[in-house]
1. Does region 745-772 hold any residues that are crowded, with 16+ Cβ neighbours inside 10 Å and not in a helix (DSSP H, G or I), and which are they?
2. Out of L524, L471, I need the residue that is touching a Leu at 6+ places or on another chain (Cβ under 9 Å) and either acidic (D, E) or surrounded by fewer than 18 Cβ atoms within 10 Å (Cβ to Cβ) (or both). Which one?
3. Confirm whether K133 is open to solvent by 60 Å² or more (accessible area, probe 1.4 Å), part of a loop (DSSP other than H, G, I, E, B) and farther than 23 Å from W536 by Cβ.
4. Taking only region 557-575 into account, find how many residues are modelled with pLDDT of 90 or more, of a type outside the set (S, T, N, Q) and part of a helix (DSSP H, G or I).
5. Among what's in region 666-685 and is at pLDDT below 90, open to solvent by less than 30 Å² (accessible area, probe 1.4 Å) and among the hydrophobic types (A, V, I, L, M, F, W, C), pick the residue that is nearest to the chain's Cα centre (by Cα).
6. Got at least one residue in region 46-55 being in a loop (DSSP other than H, G, I, E, B), open to solvent by 40 Å² or more (accessible area, probe 1.4 Å) and on the phi < 0 side of the Ramachandran plot?
7. What's the total number of residues in region 336-383 that are surrounded by 18 or more Cβ atoms within 10 Å (Cβ to Cβ), of a type outside the set (D, E, K, R) and in a loop (DSSP other than H, G, I, E, B)?
8. Is it fair to say A518 is more than 26 Å from A411 (Cβ to Cβ), buried (at least 23 other Cβ atoms within 10 Å of the Cβ) and over 21 Å from the mean Cα position of the chain (by Cα)?
Amino acid sequence: LQSATALHGGGMPAEPPGSVSAARLGREELKWLQSLDLSYSVKNVRRDFANGFLIAEIFSRYYVHDVEMHSYDNGQSLQRKLDNWALLSKFFAKKGIKLDRGVINDVVHSKSCEAPAQLISAIYTLLTGRQPKRREIATVDPASIPSYARPNETSLLRSNITLSEEQTLLQDRDTHASKAGAILEEHHAATRTQLQEAALASKLATSYRAVASQRVMRGTHKPMTQETAAPIPVTFQDVKVRPVERNIAQLRANRDSPTSTRARGLDRQEAAGQTSVAPTPSSGDERELLTQPHVRGVLTILSEHVTAVAPHLNLTDRLAADPFNDFLKRLPTLESAAAASALSAAGADADSLAAACAASPHEAWALFHLLVSAIASAEHPAAAAAAADTLAATGRALLSRDATTAGQLLADFGFPVLVPLLKAAPHHATLLLEVVYAFTAPTDDGHIGTLKLLHDALCDQQAFLFCLAKLVRLEKSFSDELLDLYVYYAVIALSMPSARVRASALSMLPVLCGSSHALVLDMLPRLQVLVEDSWWEVRAQLARVAAALLSGGDCGPLTASVTGVLCSSLGCRSPAAQATALSVASPLLADLPSLTTPCVTALVALPPQQRALLLGQKCDTMPLPVGFEDVSPLPAGSYLPIAVELIASAKASALDRLGRSQVEVLAALCSGPFDANDEDAWRTWLAEAKDYCCAALCDEKLCELMATALLPLFTFLGEGSLPSFPTLLSSLRILFPEGAAACQEAMVEFLDRLFDSGAPFAAAIASLVGGLDRDLVKTSALSRLVERVERETSK
């Protein structure tokens, strides 16, 4: 963190408490931020600027070519913050931008609202050259604050030392103790000063009262009366409790009946002397239902499954009287597989959980609160998924009993706990929305009703649009009404200023294209407007939409326009957008040859790490770049057209030899797998590319890579590769004896491995080395191969 936040000091002096520093941004800074058209508006200055993403986006508006937003991640984890601020610190050092390191540190660790305001004010002055106007804020005298409202030692340490600071800057115990001691010493000094001032003020007040009492003439004391006041009578009345003799399904059916009375009106009716609806003979008391052997409570069921796996969780000696709540408290520290098994076992008992929820609203409330808490507190995705699966299984069991009851329980008890977690933990959104649909009747009307309820519960248009982008993938079919609803919100989102919202809207269109190709094709003018969008995710999703249109049906006269949209994403500067476009465009090369050239250009332009991922060469130790989570490798069927176009473009450009990026692409393409039907086409390609391949074998930096690439291709072609051996002979004469040692070793190893593969290469290599000068062979590294060939041939 020191490398990320230890920026150059001196640019922004710290302000003392109670000065002009504003806890909120000023009007001038807010208008400036709004004019920059940032990805999202600032709602919480303490949180929104902590990860550095918005700071980078602000500077990207003024330093367009120096700050590339695809390098920054809008995540809230500590590691994401450190990575973003590390990039910013390099940029600040390069441009000589000086900002106060203390304020930066407070912003990163979200220690106060004043630090972000000071930082934005300094950046505003730096970038615009203007000083913002500040409103004087009324200050509070610390001495006027009562003692019970003043901070104590614990609150001071908690507010001045955050958890993220302990994990980064204060890992050293001595440093941590020194900072805590300084904070406490300052607090003690201030407390002593306040006590001394209070004692002095009390002494002065006592002296004043003593002097004043001597000058006041007082009369005689009045005698106190001995009369006793009469006691006030207190009356008690009986409390009337009306028993509930119906289960939840009957209560809700009665509520929805036109002739029934709402539950909240029953008390008023009884108070007015009216009669309530009589219970049915089959309905019993709610408590009696839950105490029957076949209906157990939700907490009881969950606790049984936790107790069953307690030995695997190392909780045997520590289980409290409430096992599941004790399990929830320790869930973040438990072993993920055992915790997930306990939650999955509860999911197998979904019928019992559904019976408890149908019997009592309290049990439904407990189910949602307990399992949503497990999702929120689970550190490992497997445990969170197991908790969500259990909740979803219970929803499906309730649907099989009564779809109306399941939907009403979701609305009354599910949304109040699911919606806050949807907003706070977007990475759990897919799990939570699967739970929502598990409690929803699998009909178009049921889904439309749930979407409307979700929209009202979220009270946030952007959050709702993000949810729609995930819910559309859970739809099994689309009616006209449901399709119109998704298209309506997609059109709205495409015109919103937030780039992430626009990207979410675009992500819905490939799914909708499968149901209505013509409807999505009609949106082409809106899509063409976005080809110049600067946000990489918009360009990536735009490529997916164009590929879905080209592969999902006949675009007719609009084919060229749709292809142009896809080519625009292939030419994007963002590696993530290019990689996404390549992964969706490569399966179309056979039907749309015009895409081959932009695909090859984009593939060669990609950084090596991203190119390796696309060509199926992922390394387990290599971190996955941002934006590559959903990118699939190129299909093997696209290897041949790309290889042909790569050599054709090199010849068209009159290149003497291939560059490293081109050889890396060829090495991946020639590694297979090969289709037997393409053998003739690969043989033709080798005849065209042999000069470039042999030139790479003579390059010290490319020889090993090219030798590795040619070996599987030669093995696949067999006799079809023999016409290239004369060119190999020319390479041998160039390399031996004065060629680079690395090239000689690579060539000898290549021929040695070919000789090991047997016919037809054994005889061809024997003929190849037989045409070399014997004196040349004896004085070079090729002698080992020649001796082996002669020995094997003589046998």
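1. Within region 745-772, just L772 meets the criteria.
2. The match here is L524.
3. Taking the combined requirement at face value, the residue satisfies it.
4. 9
5. Among those residues, the one meeting the criterion is A668.
6. Within region 46-55 (the criterion being in a loop (DSSP other than H, G, I, E, B), open to solvent by 40 Å² or more (accessible area, probe 1.4 Å) and on the phi < 0 side of the Ramachandran plot), the answer is no, since none of the residues qualifies.
7. 2
8. In short, no.
The values are calculated or read from the model by the stated rules, or taken from the named source; none is laboratory data. Just so it is clear, the model here is predicted, and its values are computed rather than measured. Please note: Cβ atoms are built from the backbone with ideal geometry, for glycine as well, and neighbour counts cover all protein chains shown. These accessible areas exclude ligands, DNA and RNA; they are computed on the full protein's heavy atoms, side chains included. Shrake-Rupley method; radii C 1.70, N 1.55, O 1.52, S 1.80 Å.
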